[in-house]
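J.: Quick one: this structure, given as structure tokens, is what I'll be asking you about.
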Amino acid sequence: MDLKKRLLRKPGTTVLWLVLTALMAAFLTTAAALSISASRLASSLDESHTAIAVRTNRAVTRRIEGGQYVWDTSERVLTQEDKDWLESLDSVKAVRVHALCGGTSPDFEPLLGLKREFSWRGSGDETAYFNAIFAGTVVSVRSLGANVTQLGVATEEVCALHPEYSPVLYTQSPDNVNYLIVKSYYQQGKAPEGDVMADYFREGERYILSGELYAARSELMLGMSGSVWTPTLYLFAPIEQDGMLVGDATGFPLAQRLDGDAETFIASHPIWQEYRDALERQLHSLPVVGTERLESLYMFVKNDARIIEGRSFTQEEYETGARVMVISEGEAQKHGVSVGDTVRMSQFRCDHAWNDSTDLHAWTGMLNRPSVGRMKEIRPEAEGEEFTVVGVYRMTDYWPEGSYDFTADTVFIPRKAQISDAFGPESEDIYGVYLSVELVNGKLDDFRLAVAQSKFAGQFFAVEQGFEQVQKNLNGLTFSAQRLLWIAAGAWGIFLLLYLLMYQSAQRRNLGVMRSVGASPREAAGYLFSSGALVAAAGTALGTLLGGVALRAAQNAVLADVLEQVGGSAFSGGMAISEEALADMVLSNGLSIQQLLLLAAAQLAVMCLMMWIQARRLAGQAPRTLMGV
């Protein structure tokens with residue numbers, strides 16, 4: 001019998017089964033794709049999101065004894081036994097100890113900001129980015145008492161100073177003179193009698209000077225004018241030695257009478273040459289934090305810092321200690337460094353002590369922010385290594401002040417790419433930005449309960465940015481999608497059974513006629529199978545197209561639900577991402593066109609298999625049986 005006659009003899013019946021096949025294919029396709037998409041999205045968000053716990057400031061207290069503050073940090077000490085206990089909790093993935101060292105590179109220069117006190121004194125070090133060496137003529141000397149001397153200096157040449165500070169020494173008062181307040185600092189009870197500096201400086205003579213330059217008005221460092229200000233030069237414990245002022249505690253040169261030009265003078269005096277070389281290294285040095293998971297740092301989890309270009313580190317880079325780095329947007333823009341660029345950097349150990357201890361690292365947090373430390377004593381331990389920039393991060397505040405903050409000068413590298421004796425991992429007294437406890441997503445309450453019943457009660461607070469609610473909603477969506485899939489699969493199975501019984505079996509009499517006029521069982525089975533398969537193929541194709549459209553609508557609904565739960569942002573590595581990035585995540589976790597076609601092919605294959613089995617069974621019956629005679 002002609003195949004066309006079967007399809008067109010009763011066109012209404014053919015169209016009806018075509019439409020039913022398309023609807024069932026669309027239902028099954030949408031349910032299967034939505035179930036897979038929801039499961040993938042929940043898994044993707046779980047893998048990419050980071051929840052952490054950090055110590056509270058309760059671990060550091062102070063009291064007054066003998067009229068002085070005494071700091072108690074005994075509760076803050078985190079021993080190896082404590083770390084092991086934390087990692088033994090089911091709610092804890094790992095205790096992350098981030099390490100600090102310094103890095104010097106000709107491709108970088110430290111940033112300065114409006115809040116200068118937070119940009120040049122990252123952790124209270126005596127030598128930071130505001131050290132200066134300059135030459136000039138003293139035009140006036142006036143002792144103000146208490147080891148404070150006012151010098152009027154006509155600046156002639158700046159020999160070493162961060163470029164953004166240079167206007168400070170060249171911004172002169174109306175009488176064309178820079179007035180510097182020069183202050184000297186001594187340990188309590190060790191200040192000499194008299195005024196060492198007032199006795200040392202002479203009007204009309206030229207000097208080379210060095211010290212820590214402080215400008216009372218930060219606008220001047222940005223090249224702005226119109227401000228009345230007086231810069232201050234700090235000299236620490238100056239003593240006169242062989243015709244030169246030096247720092248009693250540091251040995252740094254502070255001042256000396258100058259004959260000839262400053263460059264020739266420095267070149268012929270090793271102590272000045274050594275000190276200037278150290279400052280030049282300082283002007284190309286940044287704090288370097290080595291980490292085993294960048295996303296576990298508090299600022300990233302809080303979304304106060306996030307990757308805006310490139311990416312974070314991969315697990316392979318962490319494990320192999322790959323020479324890769326993530327830098328701040330400020331550094332990238334200032335020096336024209338982009339993702340994919342290679343820079344040479346030498347690492348060195350930072351002097352991170354405050355009064356020869358780390359006791360104050362956690363008090364206000366200022367002492368916790370990374371700093372490059374004493375630059376005169378730099379001894380690079382990993383020189384001239386090539387690092388590739390893989391990511392750029394942006395901060396909401398370049399100069400934050402908290403215990404868990406870092407500044408925009410900070411460079412991040414994998415911990416295994418860092419020198420071995422960096423500050424942090426071997427210290428029991430770590431705190432703030434150097435410590436974070438990475439938690440298992442969804443077990444925040446378990447961690448809180450375990451800590452509340454331990455000696456750390458009240459000493460940790462957890463940050464998960466509302467992820468648990470998002471996770472619950474996605475888990476609920478996944479369960480609903482899976483239930484919908486089972487319903488769709490059951491409905492499709494019933495439809496297939498009806499298709500075989502009501503559409504295919506309706507051709508029994510035609511098969512009997514074919515067999516009675518000499519058609520072989522194979523020819524009769526081919527007729528029944530091909531006509532039914534053609535309708536099934538057309539309906540499945542149309543249904544897959546409709547299912548794809550329905551899937552996109554369902555994905556948009558999922559996206560809207562997630563955005564509503566997280567207030568317009570979701571999580572990627574613990575960092576906020578845009579709605580566009582989240583949309584990409586939702587769509588990328590759906591099924592591709594190829595996968596939808598594969599699903600359609602699987603449906604059609606099952607239908608064709610069942611139809612072929614049925615066709616062979618019916619065609620093998622006697623003609624009289626088929627015709628019901």
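J.: Quick one: what pairs do we get from the range 444-463, first residue of a type outside the set (Phe, Trp, Tyr) and modelled with pLDDT under 90, second open to solvent by 10 Å² or more (accessible area, probe 1.4 Å) and assigned to a loop (DSSP other than H, G, I, E, B), C-beta under 6 Å, 6+ apart or different chains?
T.: Leu444/Glu464; Gln459/Thr56
J.: Considering only the range 550-567, I want to know if a residue exists there that is β-branched (Val, Ile, Thr) and either out of contact with any helix residue (DSSP H, G or I) (no Cβ under 7 Å at 6 or more places or on another chain) or modelled with pLDDT of 80 or more (or both).
T.: Let us first name the residues in the range 550-567 that are β-branched (Val, Ile, Thr), namely 558, 562, 566.
Keeping just the survivors that are either out of contact with any helix residue (DSSP H, G or I) (no Cβ under 7 Å at 6 or more places or on another chain) or modelled with pLDDT of 80 or more (or both) gives none.
No, the conditions are met nowhere in the range 550-567.
J.: Would you say Asp277 is free of Cβ contacts under 8 Å to residues at least 40 places away in the same chain and open to solvent by 10 Å² or more (accessible area, probe 1.4 Å)? Walk me through it before giving the result.
T.: Numbers: free of Cβ contacts under 8 Å to residues at least 40 places away in the same chain: yes; open to solvent by 10 Å² or more (accessible area, probe 1.4 Å): yes.
Yes; evaluated as a whole, the condition is true for this residue.
J.: Please name all residue pairs, on different chains or six or more residues apart, with Cβ atoms under 6 Å, provided the first residue is in the range 199-221 and is crowded, with 19+ Cβ neighbours inside 10 Å and the second residue is modelled with pLDDT of 90 or more and assigned to a helix (DSSP H, G or I).
T.: From residues that are crowded, with 19+ Cβ neighbours inside 10 Å, the pairs are Ile208/Ala262.
J.: Follow-up question, since we're still on this one. Pairs, please: C-beta under 8 Å, at least 6 apart or cross-chain, first residue surrounded by fewer than 19 Cβ atoms within 10 Å (Cβ to Cβ) and in the range 340-353, second modelled with pLDDT under 90 and of a type outside the set (D, E, K, R)?
T.: From residues that are surrounded by fewer than 19 Cβ atoms within 10 Å (Cβ to Cβ), the pairs are Arg344/Ser105; Arg344/Pro106; Arg344/Gly384.
J.: Within the range 182-196, which residues are farther than 16 Å from Ala135 by Cα, modelled with pLDDT of 75 or more and either assigned to a loop (DSSP other than H, G, I, E, B) or of a type in the set (Val, Ile, Thr) (or both)?
T.: Restricting attention to the range 182-196, the residues satisfying the condition of being farther than 16 Å from Ala135 by Cα are 183-196.
Checking which are modelled with pLDDT of 75 or more leaves us with 183-184, 195-196.
Asp195, Val196, listed by residue number.
J.: Follow-up question, since we're still on this one. May I ask you to list the residues in the range 135-162 that are under 40 Å from the mean Cα position of the chain (by Cα) and closer than 17 Å to Pro253 by Cβ? Give the derivation first.
T.: Filtering the range 135-162 for residues under 40 Å from the mean Cα position of the chain (by Cα) gives 158-162.
Those that are under 40 Å from the mean Cα position of the chain (by Cα) and closer than 17 Å to Pro253 by Cβ: Val158, Cys159, Ala160, Leu161.
J.: So, one more: Residue pairs, Cβ under 8 Å, 6 or more apart or interchain, first in the range 322-333 and under 21 Å from Thr396 (Cβ atoms) and part of a strand (DSSP E or B), second of a type in the set (D, E, K, R) and open to solvent by 30 Å² or more (accessible area, probe 1.4 Å). List them.
T.: Listed pairs, sorted by first residue: Ser328/Arg394.
J.: Something else: Considering only residues of the range 282-321 that are over 15 Å from the mean Cα position of the chain (by Cα) and in a loop (DSSP other than H, G, I, E, B), which is modelled with the highest pLDDT?
T.: Gly321
J.: Provide a single number: the residues in the range 390-431 that are more than 14 Å from Gly103 (Cβ to Cβ) and of a type in the set (A, V, I, L, M).
T.: 5
J.: Being more than 21 Å from Val153 (Cβ to Cβ) and either in a helix (DSSP H, G or I) or small (Gly, Ala, Ser) (or both) is the filter here, so list the residues in the range 238-270 that pass it.
T.: Matches in the range 238-270: Ala249, Gly251, Ala267, Ser268, Pro270.
J.: Suppose the filter is buried (at least 20 other Cβ atoms within 10 Å of the Cβ) and not acidic (Asp, Glu); does Val451 pass it?
T.: yes
J.: Now, a different point. So Glu385 passes all but one of these: (1) of a type in the set (D, E, K, R); (2) modelled with pLDDT under 85; (3) not in a loop (DSSP other than H, G, I, E, B). Which condition number does it fail?
T.: Of (1) of a type in the set (D, E, K, R); (2) modelled with pLDDT under 85; (3) not in a loop (DSSP other than H, G, I, E, B), only one is false for Glu385: (2).
J.: Taking the condition open to solvent by 80 Å² or more (accessible area, probe 1.4 Å), in a helix (DSSP H, G or I) and modelled with pLDDT of 85 or more, does Glu75 pass? Break it down into steps so the answer makes sense when it comes.
T.: Details: open to solvent by 80 Å² or more (accessible area, probe 1.4 Å): yes; in a helix (DSSP H, G or I): yes; modelled with pLDDT of 85 or more: no.
In short, no.
J.: Residue under question is Thr137, and the condition is that it be surrounded by fewer than 19 Cβ atoms within 10 Å (Cβ to Cβ), closer than 23 Å to Leu279 by Cβ and at pLDDT 85 or above; does it hold? Steps first, answer last, please.
T.: Values: surrounded by fewer than 19 Cβ atoms within 10 Å (Cβ to Cβ): yes; closer than 23 Å to Leu279 by Cβ: yes; at pLDDT 85 or above: yes.
Yes, satisfied.
J.: Of the residues that make up the range 115-122, is at least one open to solvent by 60 Å² or more (accessible area, probe 1.4 Å) and at pLDDT 85 or above? Working first, answer last.
T.: So in the range 115-122, the residues open to solvent by 60 Å² or more (accessible area, probe 1.4 Å) come out as 115, 117, 121.
From what is left, the residues that are at pLDDT 85 or above are none.
So far as the range 115-122 goes, no, none of its residues is open to solvent by 60 Å² or more (accessible area, probe 1.4 Å) and at pLDDT 85 or above.
J.: Within the range 383-414, can you find the residues that are open to solvent by 40 Å² or more (accessible area, probe 1.4 Å), more than 16 Å from Arg306 (Cβ to Cβ) and either in contact with a helix residue (DSSP H, G or I) (Cβ under 7 Å, 6 or more places away or on another chain) or not charged (D, E, K, R) (or both)?
T.: Thr388, Glu401
J.: In the range 48-63, is there at least one residue being closer than 30 Å to Ala554 by Cα, part of a helix (DSSP H, G or I) and either at pLDDT 80 or above or touching a His at 6+ places or on another chain (Cβ under 9 Å) (or both)? Explain how you work it out, then say what you get.
T.: The first filter runs over the range 48-63 and keeps only residues closer than 30 Å to Ala554 by Cα, leaving 48-51.
From the residues that got through so far, the ones that are part of a helix (DSSP H, G or I) too are 48.
Filter once more, keeping what is either at pLDDT 80 or above or touching a His at 6+ places or on another chain (Cβ under 9 Å) (or both): none.
The answer is no; no qualifying residue exists.
J.: Oh, and also: Restricting attention to the range 369-382, does a residue exist that is touching a Gly at 6+ places or on another chain (Cβ under 8 Å) and modelled with pLDDT of 75 or more?
T.: No, the range 369-382 has no match at all.
J.: While we're on this one: Limited to the range 81-113, what total is found for residues that are part of a helix (DSSP H, G or I), within 24 Å of the chain's Cα centre (by Cα) and touching a residue at least 24 places away in the same chain (Cβ under 8 Å)?
T.: 1
J.: Testing Ala33 on (1) over 30 Å from Gln315 (Cα atoms); (2) modelled with pLDDT of 70 or more; (3) of a type outside the set (Val, Ile, Thr), one condition comes back false. Which one is that?
T.: Going through the list (1) over 30 Å from Gln315 (Cα atoms); (2) modelled with pLDDT of 70 or more; (3) of a type outside the set (Val, Ile, Thr), Ala33 breaks only (1).
The values are calculated or read from the model by the stated rules, or taken from the named source; none is laboratory data. Keep in mind it's a predicted model, so treat the numbers as computed, not measured. Methodologically, a virtual Cβ is constructed for each residue, glycine included, from the backbone with ideal geometry; neighbour enumeration extends over all protein chains shown. The area values use the complete protein model at the heavy-atom level, side chains included, leaving out ligands, DNA and RNA. Shrake-Rupley method; radii C 1.70, N 1.55, O 1.52, S 1.80 Å.
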